[in-house]
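Beneath this line is the structure, given in structure tokens, with notes to follow.
The values are calculated or read from the model by the stated rules, or taken from the named source; none is laboratory data. This structure is a prediction, so every number in the text was calculated from the model and none was measured. A quick note on method: Cβ atoms are made from the backbone with ideal geometry, for glycine too, and the neighbour counts reach across all protein chains shown.
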Amino acid sequence: MVATVPTFGAIAGKPLGLATLHASALVGLEPHPIRVEVACTRGPAFFQLVGLAEAAVREARVRVASSLARLGVLLDEFAITVNLAPADLRKTGAALDVPLALGVLGAIEALPTGAFEGVLVIGELGLDGRLSPIRGVLPQLEGARERGLREAIVPVGNSREAGLVAGITVRAASTLADVVAHFSGEGDLPVVPRTELPEEPARPAQGDLADVRGQASARRALELAAAGGHNLLMIGPPGGGKTMLARLLPTILPALTWEEAIEATAIHSVAGLVDPARGIVTQRPFRAPHHSVSEAGLVGGGDLPRPGEVSLAHHGVLFLDELAELRRSALEALRQPLEDGRVCIARARARAWFPARPMVVGAVNPCPCGYHGHPRRACRCTAGQRQAYQARLSGPLLDRLDVHVAVPAVEVSALVGGAPGEASAAVRGRVVAARDRQRARRERGLVGALTNAALTAAEVAAVAPLDAAGRRLLETAVSQLGLSARAYTKVLRVARTAADLEARDEVLPVDVAEAIQARLADRESAR
């Protein structure tokens with residue numbers, strides 16, 4: 001409920017006006033309601049702002065004064081006090097510009113304050129009064145709808161993104177003058193049309209799996225990872241095709257569902273990465289940060305928490321090339337999001353959660369020079385150097401990567417005279433069919449996860465029961481390979497995916513054998 005009751009009293013014979021508007025602020029992806037209270041008296045001119053405002057918010061007074069001057073409203077004769085409540089929530093960014101300007105107009109009685117009832121207003125002002133698009137519109141509108149607000153006004157540059165929200169009337173404005181005309185009854189802002197996810201979104205333009213020569217085991221590992229949403233580790237010498245395979249992974253992934261697209265769009269909106277022309281993320285994200293990326297850049301951080309690469313890749317692919325070259329702190333910071341599917345960023349001034357469930361694909365050389373085990377090039381590293389290099393990837397981190405595959409050097413015969421590999425479209429058909437089987441189990445209430453990679457231990461035991469031969473095979477592998485309890489569950493998840501690719505309800509020993517083999521590549525490279 002908005003308290004927009006203008007009150008006028010006699011303070012030294014000078015009238016007092018008060019206006020209150022609804023606004024919003026984001027902490028991570030969580031929208032927090034902001035009450036913008038503007039009090040105005042006639043007297044020595046000043047514009048003071050209280051309520052734990054950061055620099056960009058405090059600077060709003062300049063943008064507001066200039067924008068109002070373009071409308072013929074000069075603030076030289078007014079003493080203006082603005083309170084941003086609640087006072088203990090830090091306010092950042094320029095999204096409060098428009099409600100501040102409207103609050104001033106309401107406080108000086110240039111606008112009827114009752115018109116602000118139940119309306120969320122967000123937007124940044126230029127000095128000429130134009131409204132610029134802002135970050136995080138989607139989660140802020142979702143929050144406004146949940147709070148029961150009836151209407152929202154956003155910059156026209158955010159129209160496509162705002163059209164994703166149902167259950168609240170959203171209007172778009174180009175200038176402050178348009179907003180003033182709307183609240184004064186002299187004009188009507190257009191309602192934002194509904195934004196839909198394209199039925200046939202454009203496929204990624206990275207290439208096609210048909211371009212890959214040889215590497216049958218790596219192609220199978222890629223298909224297995226895509227079908228179940230599993231994390232993948234590729235180990236091999238330079239030039240074997242690890243980077244190419246990783247970049248082709250999006251070409252075999254199914255299209256985003258509506259729910260996945262909304263989640264991905266919200267994260268990209270907070271980061272300011274949504275294309276205004278589309279307003280929605282239509283393709284699965286593919287993020288490939290340089291190996292010099294910091295811990296904050298990878299998992300998120302900053303004084304005011306922002307999403308990192310692992311969250312920006314949510315429902316997509318996070319490719320970490322030269323995995324062993326990443327900072328140890330950044331690598332170890334990945335362990336929690338890989339396990340939980342979300343990141344908690346705790347700072348002295350704020351605490352925020354971001355979803356983080358991408359497919360993590362790592363590529364690593366077997367040694368510092370890269371040629372350990374190469375059939376034609378000699379390795380220049382000592383045993384100690386190889387051991388130290390491989391030790392950069394900790395056991396707990398490797399445990400969280402479901403599928404490990406060796407990507408050896410490609411034979412010349414395969415490059416020169418080899419036949420083209422199977423096309424991405426054919427592989428994608430099998431992947432989509434496997435994902436459909438997983439979705440069907442979820443719809444029947446058998447599991448709560450969208451993909452096999454996210455199944456709990458209880459769920460995987462229920463949907464991937466083993467016969468006697470399969471149990472013996474798995475027990476032998478656990479005993480001889482020293483697999484952890486986490487690795488045991490991951491083997492079952494991968495075996496379930498292998499069976500899904502073959503359109504089978506039961507998990508056979510051959511599926512278990514393939515899943516076990518998918519844990520051995522890193523051990524073989526260490527020899």
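The residues listed here are Leu131, Leu149; of these, the one that is assigned by TED's automatic domain parsing to the domain that holds Ala56 and either under 16 Å from Asp178 (Cα atoms) or assigned to a helix (DSSP H, G or I) (or both) is Leu131. Restricted to the stretch 118-129, and to residues there that are surrounded by fewer than 24 Cβ atoms within 10 Å (Cβ to Cβ) and closer than 26 Å to Glu142 by Cβ, the residue that is farthest from the chain's Cα centre (by Cα) is Gly118.
If the requirement is being surrounded by fewer than 19 Cβ atoms within 10 Å (Cβ to Cβ), modelled with pLDDT under 95 and in a loop (DSSP other than H, G, I, E, B), which of these qualifies: Ala115, Ala110, Ala56, Ala79? Testing whether each residue is surrounded by fewer than 19 Cβ atoms within 10 Å (Cβ to Cβ), modelled with pLDDT under 95 and in a loop (DSSP other than H, G, I, E, B) leaves just Ala110.
Right, Leu89: surrounded by fewer than 22 Cβ atoms within 10 Å (Cβ to Cβ), under 29 Å from the mean Cα position of the chain (by Cα), at pLDDT below 95 and not in a helix (DSSP H, G or I) or not? So Leu89 fits the description; yes.
Let's see how each residue does on (1) out of contact with any strand residue (DSSP E or B) (no Cβ under 9 Å at 6 or more places or on another chain); (2) outside the structural domain of Thr265 (by TED's automatic domain parsing); (3) at positive phi; (4) hydrophobic (A, V, I, L, M, F, W, C):
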| residue | (1), (2), (3), (4) |
| --- | --- |
| Val156 | no, yes, no, yes |
| Ser159 | no, yes, no, no |
| Val165 | no, yes, no, yes |
| Val170 | no, yes, no, yes |
| Ser174 | no, yes, no, no |
| Pro190 | no, yes, no, no |
| Glu199 | yes, yes, no, no |
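Within the stretch 488-516, the set of residues being over 30 Å from the mean Cα position of the chain (by Cα) and either at positive phi or of a type in the set (Phe, Trp, Tyr) (or both) comprises just one member, Ala503.
Take the stretch 323-380 and flag every residue that is of a type in the set (Lys, Arg), within 19 Å of the chain's Cα centre (by Cα) and surrounded by fewer than 18 Cβ atoms within 10 Å (Cβ to Cβ). Answer for the stretch 323-380, where residues must be of a type in the set (Lys, Arg), within 19 Å of the chain's Cα centre (by Cα) and surrounded by fewer than 18 Cβ atoms within 10 Å (Cβ to Cβ): Arg335, Arg342, Arg351.
Per-residue answers, yes or no, for (1) in a strand (DSSP E or B); (2) surrounded by fewer than 19 Cβ atoms within 10 Å (Cβ to Cβ); (3) modelled with pLDDT under 85; (4) not assigned by TED's automatic domain parsing to the domain that holds Ala356:
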residue	(1), (2), (3), (4)
Gly9	no, yes, yes, yes
His22	yes, no, no, yes
Val36	yes, no, no, yes
Leu68	no, no, no, yes
Gly72	no, yes, no, yes
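Does Phe319 satisfy the criteria of being closer than 30 Å to Pro368 by Cα, aromatic (Phe, Trp, Tyr) and touching a Pro at 6+ places or on another chain (Cβ under 7 Å)? So Phe319 does not fit the description; no. Considering (1) out of contact with any Asp or Glu (no Cβ under 7 Å at 6 or more places or on another chain); (2) surrounded by 20 or more Cβ atoms within 10 Å (Cβ to Cβ), the lone condition that Ala498 does not fulfil carries the number (1).
So that you can scan it fast, the table gives a plain yes or no per residue for (1) more than 26 Å from the chain's Cα centre (by Cα); (2) at pLDDT 90 or above; (3) surrounded by 15 or more Cβ atoms within 10 Å (Cβ to Cβ); (4) assigned to a helix (DSSP H, G or I):
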{"residue": "Pro420", "(1), (2), (3), (4)": "yes, no, no, no"}
{"residue": "Arg430", "(1), (2), (3), (4)": "yes, yes, yes, yes"}
{"residue": "Ala440", "(1), (2), (3), (4)": "no, yes, no, yes"}
{"residue": "Ala462", "(1), (2), (3), (4)": "yes, yes, no, yes"}
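Applying the criterion of at least 3 residues that are of a type in the set (Phe, Trp, Tyr), more than 24 Å from Gly143 (Cβ to Cβ) and modelled with pLDDT under 95 to the helices (runs of 4 or more DSSP H) found wholly in the stretch 261-335 leaves an empty list. Scanning the stretch 502-527 for residues that are within 16 Å of Ala218 (Cα to Cα) and either modelled with pLDDT of 85 or more or not basic (Lys, Arg) (or both) returns Glu514, Ala515, Ile516, Gln517, Ala518, Leu520, Ala521, Asp522, Glu524, Ser525.
The listed residues are Ala255, Ala221, and the only one of them that is among the small types (Gly, Ala, Ser) and in a helix (DSSP H, G or I) turns out to be Ala221. Contact annotation: residue pairs with Cβ atoms under 6 Å, 6 or more positions apart or on different chains, pairing a residue in the stretch 76-88 that is assigned by TED's automatic domain parsing to the domain that holds Ala45 with a partner that is among the polar types (S, T, N, Q), are Ala79/Thr41; Thr81/Gln48. Filter the stretch 138-190 down to the residues that are touching a His at 6+ places or on another chain (Cβ under 9 Å), of a type in the set (A, V, I, L, M, F, W, C) and surrounded by fewer than 22 Cβ atoms within 10 Å (Cβ to Cβ) and list them by number. Across the stretch 138-190, the qualifying residues are Leu149, Leu189.
Leu131 fulfils the conditions (1) more than 16 Å from Leu96 (Cα to Cα); (2) in contact (Cβ under 8 Å) with a residue 40 or more places away in the chain; (3) touching a Ser or Thr at 6+ places or on another chain (Cβ under 8 Å) except for a single criterion, (1).
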